[in-house]
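The values are calculated or read from the model by the stated rules, or taken from the named source; none is laboratory data. These figures come from a predicted structure and were not determined experimentally. Cβ atoms come from the backbone with ideal geometry, glycine included; neighbour counts cover every protein chain shown.
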Amino acid sequence: MTPSFQELFGAPPEVVSHAPGRVNLIGEHTDYNGGFVLPMAIPQQTHVELRRRPDRRVRAFSVNTSKEGKVLEFELGRETVGRTWLDYVQGVTQVLRDAGHTLSGFELRVSSEVPLGSGLSSSASLDVGLLRALREAFSLPMDDVQLALLGQKVEVDFVGAPVGVMDPMAASIASQGVALFLDTREMRFERVPLPPGLDPIVINSGVAHNHAAGDYRVRRAECEKAAALLGVSQLRELSEAELPRAEKLPEPLGRRVRHVVTENARVLATVKALRSADLPTLGTLFYASHESQRLDYEVSVPEIDLLVGLAREDADVYGARLTGGGFGGSVVMMARAGTGATVASRIAQRYAQRSGQRPTVLVPQT
């Protein structure tokens, strides 16, 4: 049986916090290129319990990953990358110190419903949940956007995953049933409610990914190289009219640029479709986004393509696409209102039969 905070540390927590995972409806690999994204919070959360200590020791336990009730420890100021879940905790304390915030040690118990490697931002959910708890425990002066930016620094500067700002922003300020339309260059955002005719679906393929691994890093480097060759600081600066010039770049840079530029346009078109409840157009945009990820950005895998293909065959589904960084993870679908649970169940069953994987329906919750 999983030990409680009281059983682990001999006293109740002082602070309880949480932060959601997110599903990105559309706008993939655009955030680190200064572009547009459209995430939404999902019901699954990371839960954080915390109690301050009088010394500089941090003692941390994860319900999801700690074995045999083992509590991991480190000392503030001596954070060291160890390639475990504790890196996210150490990253948080280091970036807070670098930002001028003062902490003492603390005891921590973490549990998460966001599946690891699912493309639903489990790590940002942890970062934001812990930052919220520390903000409350130590009265740290930072707003929700500043908190999200610190969460990104944890991933990039400490953990070594070159992610954009979308994930921590979604974990910090997004909500369920409302898309967060975010301009990652200008850091402007607005909320776009989903029209009543839609049931969002999220299915985890069972194929895990790792953003700190090589493929994701390679894609980002390719975008930076293409931007330099095209004389812009970020690919966001390019319009669709400039694609013929971009497509003359050496392979595969032209295709990487084409994905980012057309994906930015798809985000803007999706926001318009949501506001006008144009559900057929929304579906077309989802499928086009997936094809762009599959062919131009090359971040899909056969299992993900199978899930999207099964969605195409289902009359109740408007559209489906890979969501998250790719190389596994999850698919987001939009189905007719009232059909979400039934559609998700039958697609997951068909996928399991054909792939041998064990999918998980995360949205809608049953």
Filtering segment 299-323 for residues that are touching a residue at least 60 places away in the same chain (Cβ under 8 Å) and outside any strand (DSSP E or B) leaves a count of 5
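Residues are listed down the side, and each one gets a yes or a no for (1) more than 21 Å from residue 168 (Cα to Cα); (2) part of a helix (DSSP H, G or I); (3) in the same structural domain as residue 26 (by TED's automatic domain parsing); (4) under 17 Å from the mean Cα position of the chain (by Cα):
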| position | (1), (2), (3), (4) |
| --- | --- |
| 65 | yes, no, yes, no |
| 78 | yes, no, yes, no |
| 89 | no, yes, yes, no |
| 95 | no, yes, yes, no |
| 103 | yes, no, yes, no |
| 115 | no, no, yes, yes |
| 119 | no, no, yes, yes |
| 128 | no, yes, yes, yes |
If the Cβ limit is 8 Å and pairs must be 6+ apart or interchain, which residue in segment 263-287 that is without any contact (Cβ under 8 Å) to a residue 60 or more places away in the chain and within 19 Å of residue 317 (Cα to Cα) pairs with which residue that is surrounded by fewer than 17 Cβ atoms within 10 Å (Cβ to Cβ) and among the charged types (D, E, K, R)?
-> 278/272; 287/312
Residue in segment 257-272 that is farthest from residue 164 (Cα to Cα), counting only those that are surrounded by fewer than 19 Cβ atoms within 10 Å (Cβ to Cβ) and not β-branched (Val, Ile, Thr) | 272
Looking only at segment 155-207, and only at residues there that are among the polar types (S, T, N, Q) and not in a strand (DSSP E or B), the one that is nearest to residue 41 (Cα to Cα) | 176
Check on residue 243, free of Cβ contacts under 8 Å to residues at least 40 places away in the same chain, in contact with a helix residue (DSSP H, G or I) (Cβ under 7 Å, 6 or more places away or on another chain), farther than 30 Å from residue 199 by Cβ and not in a helix (DSSP H, G or I) = no
Filter result for residue 145 (modelled with pLDDT under 95 and not basic (Lys, Arg)) = no
Log entry, pairs with first residue in segment 329-342 being in a helix (DSSP H, G or I), second being buried (at least 23 other Cβ atoms within 10 Å of the Cβ) and aliphatic (A, V, I, L, M), beta carbons closer than 6 Å, six or more apart or on different chains, reads 340/201
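Do we find a residue being part of a loop (DSSP other than H, G, I, E, B) and surrounded by 13 or more Cβ atoms within 10 Å (Cβ to Cβ) anywhere in segment 53-60?
Yes, because at least one residue in segment 53-60 is part of a loop (DSSP other than H, G, I, E, B) and surrounded by 13 or more Cβ atoms within 10 Å (Cβ to Cβ).
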Out of curiosity, is residue 206 in the same structural domain as residue 236 (by TED's automatic domain parsing), buried (at least 17 other Cβ atoms within 10 Å of the Cβ) and under 20 Å from residue 118 (Cβ atoms)?
-> yes
Is there a residue in segment 345-365 that is under 13 Å from residue 202 (Cα atoms), modelled with pLDDT of 95 or more, among the polar types (S, T, N, Q) and not in a strand (DSSP E or B)?
-> yes
For segment 9-33, the count of residues that are surrounded by fewer than 21 Cβ atoms within 10 Å (Cβ to Cβ) and on the phi > 0 side of the Ramachandran plot equals 1
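For (1) surrounded by 19 or more Cβ atoms within 10 Å (Cβ to Cβ); (2) within 25 Å of residue 44 (Cβ to Cβ); (3) touching a residue at least 24 places away in the same chain (Cβ under 8 Å); (4) of a type in the set (S, T, N, Q), each residue gets a yes or a no:
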residue: 69; (1), (2), (3), (4): no, yes, yes, no
residue: 73; (1), (2), (3), (4): no, no, no, no
residue: 77; (1), (2), (3), (4): no, no, no, no
residue: 82; (1), (2), (3), (4): no, no, no, no
residue: 92; (1), (2), (3), (4): yes, yes, yes, no
residue: 99; (1), (2), (3), (4): no, no, yes, no
Count of residues meeting criterion [over 16 Å from residue 317 (Cα atoms), surrounded by fewer than 17 Cβ atoms within 10 Å (Cβ to Cβ) and of a type in the set (Gly, Ala, Ser)] in segment 344-366 = 2
Among (1) within 28 Å of residue 360 (Cα to Cα); (2) in contact with a Ser or Thr (Cβ under 8 Å, 6 or more places away or on another chain), the one test that residue 261 misses | (1)
